[in-house]
Amino acid sequence: MSDSVPTTVDFRHLYKTVFPILFRIAYRIAGTDEAAEDLCQDAFFRLHEKNMSFPSTDDAKYWLIRVVKNASLNYAKRKDRERKAYQKAFHEETRVEETGEHILIKKEIQDEVKEALDKLPENLRMVLILKEYGEMNYKDIGHILGISEGNVKVRVFRAREQLAMLLSKVI
C-alpha cells in the first residue's frame, strides 16, 4: 500500500490477504462463525469508512488485527455476561448436544482446551491465540502487542507449557 488513501485494488488485496487471519482470531475468541465474520467485516468497514491510510500493508494488517482482537474480546465478554444473566434468570444449565459419540468426544476435547486456554493469564493466552489460531509469526505478534520478538517467544513457550499442564490435569 502507498502512503496515500488505499485504492480499491489495495483494499481488495488487503481484504483477501488479511481476512483469513482476522477470521481465525475472531472465531477463537468469539466462538461462532457468524460473530467472527461480523467482527471482521466491521473492522474492514471502519478502515474504509474512516478512509484510513497506512505506510505499508503490514501496518494496515496490524491495525486490523488489533481492532478485531479488541472487538472480539468485547463481544465474548458481553456474550458471557448475557449467558450468565440468562442462566440466573431462568435457572437453566448448559447442556451438551448428544448427536453421536464422535461429535460428543470432539466437543468435550474442544471445551477442555478452551477452558484450559481461558485459564491462562491474558498476556499468555493472547500470544497463543495469535500464534496458533492467527497463524502469525513472532515478529508480527510482537508488533501487534507492542513487545519484543524474544518476549513473544518466551510467552508462547510459557503458554504452551501451562496449557499442557492444565490439560494433563483434565486427562
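With contacts taken as Cα pairs under 8 Å at a separation of at least 6 residues, the range 99-171 carries a relative contact order of 34 percent. Run the reach check for K79 against lysines, Cα to Cα strictly under 17 Å, same-chain hits fewer than 8 apart removed. What comes back? Correct list for K79: K69, K88, K114.
Between the Cα long axis of helix 57-90 and the first principal axis of the chain there is an angle of about 30°, rounded to the nearest 10.
Shape class of the range 19-171 from the alpha-carbon gyration tensor: oblate, with a/c at 1.5 or above and b/c at least as large as a/b.
So what J values fall out for the range 138-153 if you push phi through Karplus, 6.51 cos²θ - 1.76 cosθ + 1.60 with θ = phi - 60°, rounded to Hz, Gly and Pro as x? Rounded to whole hertz, the list is 4, 4, 5, 4, x, 5, 5, 8, x, 10, 6, 4, x, 5, 4, 4. Rounded to the nearest 10 degrees, the angle from helix 8-30 to the longest Cα principal axis of the chain is 20 degrees.
Structural descriptor for the chain: relative contact order 23 percent, calculated from alpha carbon pairs under 8 angstrom and at least 6 residues apart. In terms of other Cβ atoms within 10 Å, E37, E115, E122 run from fewest to most in the order E122, E115, E37. Considering only F45, S148, S56, the residue lying farthest towards the positive end of the dipole of the chain is S148, judged by Cα position with unit charges set on Cβ. Picking from N137, N123, F11, whose Cα lies most toward the positive end of the charge dipole for the chain (charges on Cβ: Lys, Arg +1; Asp, Glu -1)? Toward the positive end, the furthest listed residue is N123. Out of every Cα pair in the range 99-171, what percent are spaced more than 16 Å from each other? The answer is 51 percent, as a whole percent.
Each Lys and Arg contributes +1 and each Asp and Glu -1, all at the Cβ; summed about the Cα centre of the chain, the dipole is approximately 520 debye.
Bear in mind these aren't lab numbers, they're just calculated from the coordinates by the rules spelled out. As the structure is a prediction and not an experimental result, all values here were calculated from the model. Note that each Cβ is placed from the backbone with ideal geometry, even for glycine, and that neighbours are counted across all protein chains shown.
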